[in-house]
Amino acid sequence: MTSLREAIRAADDRTQEPAATPEWPDVDGSLYLKAISAAERIAVSNRIPDDEAARDIADELAFLVIKGTVDEAGEQVFDDSDAGWLRDKSGAVVHRLARRLQELAGLTNSQVEDERKNSPDSQTEPSPTSSPEPLPEQ
């Protein structure tokens, strides 16, 4: 009999789905979005400064797309060095991909609010285990 630990470890819990990118015809139908891991979710969160005025939304969008865009085999398409040129691509495409990745990661405004409301210790100050702030609606 498999232990609970082993069952969780073996669970395929990172959803992967095709992403339409008609603006990029040479790759349309070849890109997939995969739910980011817990470690990647923290990395995304760590890129968001506490000071709202210091936020670089283009960087946040690009970073999320880098972490969550894979090929059919589940291999990451981009690496961190692609952020510079990726943030200069069509905002419509990058934002659409990032928005869906937010949904897959539980990072939309409503998902984060629900998580905070349902937290057993509803904190007023964020802690290292608090949910990351979602990207602003656009």
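Of note:
- Within the span defined as the stretch 68-76, one or more residues are modelled with pLDDT of 80 or more, in contact with a helix residue (DSSP H, G or I) (Cβ under 6 Å, 6 or more places away or on another chain) and not acidic (Asp, Glu).
- Gly74 passes every criterion in (1) of a type outside the set (Val, Ile, Thr); (2) part of a loop (DSSP other than H, G, I, E, B); (3) on the phi < 0 side of the Ramachandran plot apart from (3).
- The lone criterion from (1) modelled with pLDDT of 95 or more; (2) over 15 Å from Leu104 (Cβ atoms); (3) of a type in the set (A, V, I, L, M, F, W, C) left unmet by Ala19 is number (2).
- Residue within the stretch 86-98 that is loosely packed, with under 13 Cβ neighbours inside 10 Å and among the hydroxyl-bearing types (Ser, Thr, Tyr) present: yes
- Total residues in the stretch 64-96, condition without any contact (Cβ under 8 Å) to a residue 24 or more places away in the chain and in contact with a strand residue (DSSP E or B) (Cβ under 7 Å, 6 or more places away or on another chain): 2
- Pairs are defined by a Cβ separation below 6 Å, a sequence spacing of at least 6 or placement on different chains, a first member in the stretch 1-28 that is closer than 27 Å to Gln102 by Cβ, and a second member that is surrounded by fewer than 10 Cβ atoms within 10 Å (Cβ to Cβ); the pairs so defined are Asp28/Pro22.
- Looking across Asp88, Asp59, one residue alone is in contact with a Lys or Arg (Cβ under 8 Å, 6 or more places away or on another chain) and either over 30 Å from Arg9 (Cα atoms) or at pLDDT 95 or above (or both). It is Asp59.
- Within the stretch 2-17, the residues that satisfy the criterion of being in a loop (DSSP other than H, G, I, E, B) and charged (D, E, K, R) are Asp12, Asp13, Arg14.
- Residues located in the stretch 22-39, provided they are in contact with a Leu (Cβ under 9 Å, 6 or more places away or on another chain) and under 18 Å from Thr108 (Cβ atoms): Leu33, Lys34, Ala35, Ile36
- Only one entry in Leu61, Leu107, Leu33, Leu101 is in contact with a strand residue (DSSP E or B) (Cβ under 6 Å, 6 or more places away or on another chain) and not in a strand (DSSP E or B), namely Leu101.
The values are calculated or read from the model by the stated rules, or taken from the named source; none is laboratory data. The structure displayed is predicted, hence computed values, not measured ones. Neighbour counts run over all protein chains shown; Cβ positions are idealised from the backbone, glycine included.
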